[in-house]
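What follows is a single structure, written as structure tokens, with notes after it.
The values are calculated or read from the model by the stated rules, or taken from the named source; none is laboratory data. In this text, all values refer to a predicted model and were calculated from it rather than measured experimentally. Note that each Cβ is placed from the backbone with ideal geometry, even for glycine, and that neighbours are counted across all protein chains shown.
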């Protein structure tokens, strides 16, 4: 009787790296990696040799030298005697402030505009279309300059708030909107043990705890709905978890408000948001929102009309259909391009110097670079920061995108 036996496995030979398709792709990738390393090594060696020939060397000691210049918008303590490193930190925080606030408002405006573009009201739909086409097809730098010019020309100056015959007045005696910027009430904690950063760290901790508590309540409600078919009412529990401990903590820490007051030729006290920050953030928000609106519209249109008709046949109202049926499915189409828009807004914030807002490009990449002459070091730090923030945004958004992706059984 004939018997079948397994063929002996072929022994590995160097020629298989090219001839065998199992190894060929790895071989070419390894060769490409070696060539890339060699190219960067040559460029780095050439840079070092040229610097040595010019009597220069790469050093970051200049970051410890006094900066010697003012920064008009800052979130931490800073003065002329602070180091260049401190000035860079102020620039980083200013950039992150624009990026976070801009992404927040751009998302809200973009979602609203995207939904309204599909409105059955012809006027509303066309107005949103005009908004999208105008803002998408004009460079963002133009919008920054236009909005800055409008703020300076239209809004009153602090001197217009003075006297009985003042031409302008504060809104609710709390807010002052001027051509120099916006003056807002500043919250602070009166309790000695909660002054400074301590009180705000407690607030942040409570907000994080409230977020996870609200998620736990929502998960339990979902389990109950899957088991019984009826979803329990949880909104009051959610509000209690979010705001209950926060209100109690603010009361214990003695939450108070510092109201801006007109003294001399300007307002003092409260929070001062410069017109450059407002103009930059507003321009980036409405510009990016135009692109987000198109993604939202595309995501909504990607959901089958049968989903809407089925939800309507169950008696759901249009707003509930949008919130519970359409948008959750549309998010899988909206989120991937949304990541790119967030990255573009963050990088477009480097145009801040056009309106005098001192972000990282204006501090480290501007005044510090010109004062110290350390162009290579400053540019490398700029690249490292923008690369880090871009990768962080991508990681966070990709994690969220993965969490809402369809999961096969």
Worksheet item: Quick check: anything in the range 204-217 under 30 Å from the mean Cα position of the chain (by Cα), modelled with pLDDT under 85 and more than 30 Å from residue 77 (Cα to Cα)?
Response: no
Fill in: Lone unmet requirement of (1) surrounded by 12 or more Cβ atoms within 10 Å (Cβ to Cβ); (2) over 19 Å from residue 345 (Cβ atoms); (3) at pLDDT 85 or above for residue 62
(3)
Response to the item:
Within the range 278-291, the residues that are under 12 Å from residue 131 (Cβ atoms) and surrounded by 22 or more Cβ atoms within 10 Å (Cβ to Cβ) are 287, 289, 290
Discussion item. Suppose we filter 156, 187 for residues that are surrounded by fewer than 18 Cβ atoms within 10 Å (Cβ to Cβ), at pLDDT 85 or above and not in a helix (DSSP H, G or I); which single one remains?
Written reply: 187
Item to complete: Looking only at the range 218-273, count how many residues are in contact with a helix residue (DSSP H, G or I) (Cβ under 7 Å, 6 or more places away or on another chain) and in a helix (DSSP H, G or I).
Response: 7
Discussion item. Here is a check on your reading of the model: is residue 213 in contact with a strand residue (DSSP E or B) (Cβ under 6 Å, 6 or more places away or on another chain) and either assigned to a helix (DSSP H, G or I) or surrounded by 14 or more Cβ atoms within 10 Å (Cβ to Cβ) (or both)?
Written reply: no
Worksheet item: Just checking, which of 380, 338, 387, 331 is more than 22 Å from the chain's Cα centre (by Cα), part of a helix (DSSP H, G or I) and more than 20 Å from residue 75 (Cβ to Cβ)?
Response: 380
Item to complete: Scan (1) modelled with pLDDT under 90; (2) in a helix (DSSP H, G or I); (3) surrounded by fewer than 17 Cβ atoms within 10 Å (Cβ to Cβ) for the single condition residue 142 breaks and write down its number.
Response: (1)
Item to complete: Please tell me if residue 200 is part of a helix (DSSP H, G or I), modelled with pLDDT of 80 or more, over 28 Å from residue 272 (Cβ atoms) and within 31 Å of the chain's Cα centre (by Cα).
Response: no
Discussion item. Checking residue 222 against (1) without any contact (Cβ under 8 Å) to a residue 12 or more places away in the chain; (2) under 26 Å from the mean Cα position of the chain (by Cα), only one condition comes out false. Which one?
Written reply: (2)
Fill in: Single residue of 335, 321 found to be in contact (Cβ under 8 Å) with a residue 12 or more places away in the chain, over 21 Å from residue 396 (Cα atoms) and surrounded by fewer than 22 Cβ atoms within 10 Å (Cβ to Cβ)
321
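If we keep just the residues of the range 367-380 that are at pLDDT 85 or above and in contact with a helix residue (DSSP H, G or I) (Cβ under 6 Å, 6 or more places away or on another chain), which is surrounded by the fewest Cβ atoms within 10 Å (Cβ to Cβ)?
It comes out as 369.
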Practice prompt. Could you list, in sequence order, all residues of the range 115-139 that are assigned to a helix (DSSP H, G or I), without any contact (Cβ under 8 Å) to a residue 40 or more places away in the chain and under 25 Å from residue 325 (Cβ atoms)?
Written response: 116, 122, 124, 125, 129
Item to complete: Answer yes or no as to whether residue 287 is more than 26 Å from residue 97 (Cα to Cα) and part of a helix (DSSP H, G or I).
Response: no
Discussion item. So for the range 344-356 (the condition being assigned to a helix (DSSP H, G or I) and more than 20 Å from residue 281 (Cβ to Cβ)), does at least one residue qualify?
Written reply: no
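Which of the following residues is farther than 30 Å from residue 87 by Cβ, in contact (Cβ under 8 Å) with a residue 12 or more places away in the chain and crowded, with 19+ Cβ neighbours inside 10 Å: 311, 330, 405, 352?
Working: 311 fails: crowded, with 19+ Cβ neighbours inside 10 Å; 405 fails: crowded, with 19+ Cβ neighbours inside 10 Å; 352 fails: farther than 30 Å from residue 87 by Cβ.
Going through 311, 330, 405, 352 in turn, just one is farther than 30 Å from residue 87 by Cβ, in contact (Cβ under 8 Å) with a residue 12 or more places away in the chain and crowded, with 19+ Cβ neighbours inside 10 Å: 330.
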Item to complete: Could you check residue 395 against (1) exposed (fewer than 14 other Cβ atoms within 10 Å of the Cβ); (2) in contact with a helix residue (DSSP H, G or I) (Cβ under 8 Å, 6 or more places away or on another chain); (3) closer than 28 Å to residue 97 by Cα and say which number it fails?
Response: (2)
